[in-house]
Structures are given as structure tokens and as C-alpha cells.
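Heads up: the structure comes next, in C-alpha cells.
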Amino acid sequence: MVTAQESGTTAVEAVEVLREALTAAGIVLPSLGADGASPSLNLINLGRVRADVALRLADAIKRGCA
């Protein structure tokens with residue numbers, strides 16, 4: 001698996017890819033965004049979500065791994 005840093009992908013670009021995938025799965029993470037406080041680390045802030053959203057995210061991941 002290629003990491004974001006190995007591919008040259010920025011946190012902002014990765015956020016958009018993740019947002020598109022989550023949207024396709026019917027999941028919205030309102031606080032999803034690039035962490036501007038540490039640009040050299042290329043971090044993404046997933047933020048806080050309600051329990052039902054966390055369960056939908058877990059289900060989507062499980063289905064993708066099956």
C-alpha cells in the first residue's frame with residue numbers, strides 16, 4: 001500500500017478523496033479537513049461524529065474489507 005507521503009498527495013487532496021468516498025457511502029463527517037496547524041506532518045482531522053455516524057462508518061469499512 002502506498003502512503004500519502006510516498007505518492008506526493010497533500011492532506012487537502014486526501015481529504016477530498018476521502019470526502020467523495022464517504023459521500024458515496026452516505027456518510028458525512030462535518031469536521032473533516034486538513035490540519036493546518038501542522039502542514040509538514042500532512043495530517044487530516046476527522047473530527048467528532050455522532051454514534052450513529054460512527055456505526056455507519058464502521059459498517060462501510062467492514063463491507064469494504066469483506
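Readers should treat all values here as calculations from the given coordinates under stated rules, not as data from a laboratory. Being a predicted model, the structure only gives us computed values, none of them experimental. Glycine gets a Cβ as well: all are built from the backbone with ideal geometry, and neighbour counts include every protein chain shown.
What residue among 26, 51, 39 has its Cα farthest toward the positive end of the dipole of the chain, where the charges are +1 on Lys, Arg and -1 on Asp, Glu, each on the Cβ?
Towards the positive end, the residue furthest out is 51.
Note the full-extension length gain between residue 52 and residue 16 as 0.36 nm times their separation in residues minus their Cα-Cα distance, in nm to one decimal.
Numbers: separation 36, 0.36 × 36 = 12.96 nm, distance 2.25 nm.
Result: 10.7 nm gained on full extension.
Pull up all non-local amide H partners of residue 44: gap of 5 or more, or a different chain, and H-to-H distance under 5 Å with H placed in the peptide plane.
Sorted by chain and number, the residues that satisfy this are 35.
Before anything else, pin down the relative contact order of the chain: Cα pairs under 8 Å, at least 6 apart, normalised by residue count, whole percent.
27 percent
Using alpha carbon centroids, what distance separates region 41-66 and region 6-36, in Å?
Between the Cα centres of region 41-66 and region 6-36 lies a distance of 11 Å.
According to the square roots a ≥ b ≥ c of the eigenvalues of the Cα gyration tensor, what is the shape class of region 18-66, taking rounded for a/c under 1.5, prolate for a/b larger than b/c otherwise, and oblate for the remainder?
It comes out prolate by the Cα gyration axes.
Could you tell me how many degrees, from 0 to 90 and to the nearest 10, lie between the Cα long axis of helix 11-24 and the main elongation axis, the longest principal axis, of the Cα atoms of the chain?
The angle comes out at about 20 degrees.
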